[in-house]
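Everything below concerns the one structure shown next.
The values are calculated or read from the model by the stated rules, or taken from the named source; none is laboratory data. These numbers come from a predicted model, not from an experiment. FYI the Cβ positions are ideal-geometry reconstructions off the backbone, even for glycines, and counts take in every protein chain you see. Keep in mind that these areas ignore ligands, DNA and RNA; they rest on the heavy atoms of the full protein, side chains included. Shrake-Rupley method; radii C 1.70, N 1.55, O 1.52, S 1.80 Å.
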Amino acid sequence: MSPSAGDRVLVTRRIASSVVAKLDAYFDLDVHDSEEPLRRDELLDRVAGAAGVLSMVSDRIDDAFLRAGDKDLRVLANYAVGFDNIDVAAASRHRVVIANTPNVLSQATAELTLSLMLALVRRVPEGDRILRSATPWIWSPTWMIGRGLAGGTLGIVGLGRIGKEVARLAIAFGMDVIYANRSGAVADAPYRSVTLEELLATADVVSLHCPLNDETRHLIGADELARMKPDAVIVNTARGPVIDEAALVVAVRDRVIAGAALDVFEREPEVHSGLLELDSVVLTPHMGSGTAETREAMGELCLDALKAVIIDERCPRNALNPEAMRAP
Ligand code: DGY
């Protein structure tokens, strides 16, 4: 089927111009061409009359949004694999198909995870800060001593697509891998499945790769941090609220654990001020999927989903709620 003139698609943030050009060939595009998110009232205004939306993790897609989209809105392609910003059950009630962008960002996110691990245990940002502050230095056998990854145990919380990719890379660095999954052991995973308690007590590096939902919010709090070894570190490239940030600040400050590396935060874009004061904490601004190829591929997947529903009137392959698909 060909697009009809009224097939308006709202893109809620600036994305790669190559993806915009492809979308433009199919839809009447309304692009919020800015690095800043749309204000809530603008978001609700601009969804009115749109057949599809390409949304960001920072857009709250709830009942009010879906009501503003009314009967015209048929599909929402979230430019992310995580969809904790979306009330999927409400979308199903409103018959809006939700799609996300799995697979294409696993490698990039895993690479950032390994970068953070290495940066933390080898103290890369600390070294960089020393040089930039013009602190006098000279090579010394006992100065800026870190730890290696080889021979250590990596504990993966959530062995999904990204967790598996992290495991694969960690093996190449000589690590032993164990994992804890809420749904139990993963078929064909050549790593030892353990309870979260055992993982926390055993791992030298704990890396979080679970989705954010009611069961995983504050999965790691003061008690869990206290179970970790004092020389262990924690890495989070999943979602900020999986860790109780205030408890983490205390645990690192009081040397309950040796450090943390975070790409995501509890109240993004805000970062807990206590984290900023700690040398043994490495911070990056939610950039796990941030490579040009990955962001392009995420855009392509969103385009596929929008085309599938609006033009071909079929369910997209990455639909999270296929039951929401309306009859042609
Ligand atoms: C995701 O995909 O969920 C990331 O957090 C954004 O790329």
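Looking at the range 106-283, the accessible area is 49 square angstrom per residue; that uses a 1.4 Å probe and ignores ligands, DNA and RNA.
Once each of the chymotrypsin sites (Phe, Trp or Tyr not before Pro) sitting in a DSSP loop with at most 13 other beta-carbon atoms within 10 Å is removed, the chain keeps 144-328 as its longest stretch. Candidates 237, 154, 298 compared by Cα position along the dipole of the chain: farthest toward the positive end lies 154, with charges placed on Cβ. Would you mind counting up the charge near residue 122? Only other residues with Cβ under 15 Å from its Cβ, with Lys and Arg at +1 and Asp and Glu at -1. Here the charged neighbours net out to -2. With a Förster radius of 25 Å applied to the beta-carbon distance between residue 192 and residue 231, the computed FRET efficiency rounds to 0.75. In the range 260-326, if the dipole is taken from +1 on Lys/Arg beta carbons and -1 on Asp/Glu beta carbons about the Cα centre, which of 282, 324, 261 is farthest to the positive end? Looking along the dipole axis, the top candidate is 324.
Annotation: for a label point projected 7 angstrom from Cα along Cα→Cβ of residue 300, residues of the range 70-97 with backbone N closer than 16 Å are 80. Give me the angle, in degrees from 0 to 90, between the Cα long axis of helix 292-310 and the longest principal axis of the Cα atoms of the chain, rounded to the nearest 10. Helix 292-310 sits at roughly 30 degrees to that axis.
Surface composition of the chain: carbon and sulfur make up 53 percent of the accessible area, probe 1.4 Å. Rounded to two decimals, the Cα radius of gyration of the range 106-283 over 2.2 N^0.38 Å is 1.01. Surface calculation, 1.4 Å probe, protein heavy atoms: residue 153 sits at approximately 20 Å² accessible. Any lysines with Cα under 26 Å of the residue 307 Cα? List them, leaving off those in the same chain fewer than 8 positions away. Leaving aside lysines fewer than 8 places away in the same chain, those within reach of residue 307 are 22, 71. Sites listed here are GluC sites (Glu not before Pro) in the range 177-252 whose DSSP assignment is loop and whose Cβ has at most 16 other Cβ atoms within 10 Å: 215. Taken as Cα centroids, the range 23-98 and the range 225-260 sit 34 Å apart, rounded to the nearest whole angstrom.
With contributions of -39500 (n - 2.57) from each DSSP H run of at least four residues, the per-residue ellipticity at 222 nm computed over the chain stands at -9500 deg cm²/dmol. Compute, for the range 156-225, the length of the dipole vector about the Cα centre, with Cβ point charges of +1 (Lys, Arg) and -1 (Asp, Glu) only. Units Debye, rounded to 20. Taking the Cα centre of the range 156-225 as origin, the dipole is about 300 debye.
Taken about its Cα centre, the chain carries a charge dipole of roughly 460 debye when the Cβ of each Lys and Arg holds +1 and the Cβ of each Asp and Glu holds -1. Per residue, the range 18-92 exposes 43 Å² of accessible surface when a 1.4 Å probe is rolled over the protein heavy atoms with every protein chain present. Dipole check for the range 106-283: with +1 at the C-beta of Lys and Arg, -1 at the C-beta of Asp and Glu, and the Cα centre as origin, the magnitude is about 440 Debye. Loop-located trypsin sites (Lys or Arg not before Pro) in the range 15-61 (DSSP state not H, G, I, E or B) with no more than 10 neighbouring Cβ atoms inside 10 Å: 39. For the range 1-61, the Stokes-Einstein estimate of translational diffusion at 37 °C and a viscosity of 0.692 mPa s comes to 274 µm²/s, using the Kirkwood hydrodynamic radius over alpha-carbon pairs. Taking all protein chains together and rolling a 1.4 Å probe, residue 95 ends up with roughly 100 Å² accessible. You can think of it this way: the chain between residue 89 and residue 314 has 79.0 nm of extra reach, that is 0.36 nm per residue less the Cα-Cα gap. Compared with the dominant Cα axis of the chain, that is its longest principal axis, helix 106-121 is turned about 30°.
Counting only the backbone N, which residues of the range 251-274 are under 17 Å from the spot 7 Å out from the Cα of residue 283 toward its beta-carbon? Residues 251-254, 259-274 qualify, since their backbone N sits under 17 Å from the label point.
Annotation note: trypsin sites (Lys or Arg not before Pro) in the range 262-328 located in DSSP loop regions with a Cβ neighbour count of at most 16 within 10 Å are 314, 317, 326.
Relative to the compact-globule estimate of 2.2 N^0.38 Å, the Cα radius of gyration of the chain comes out at 1.09.
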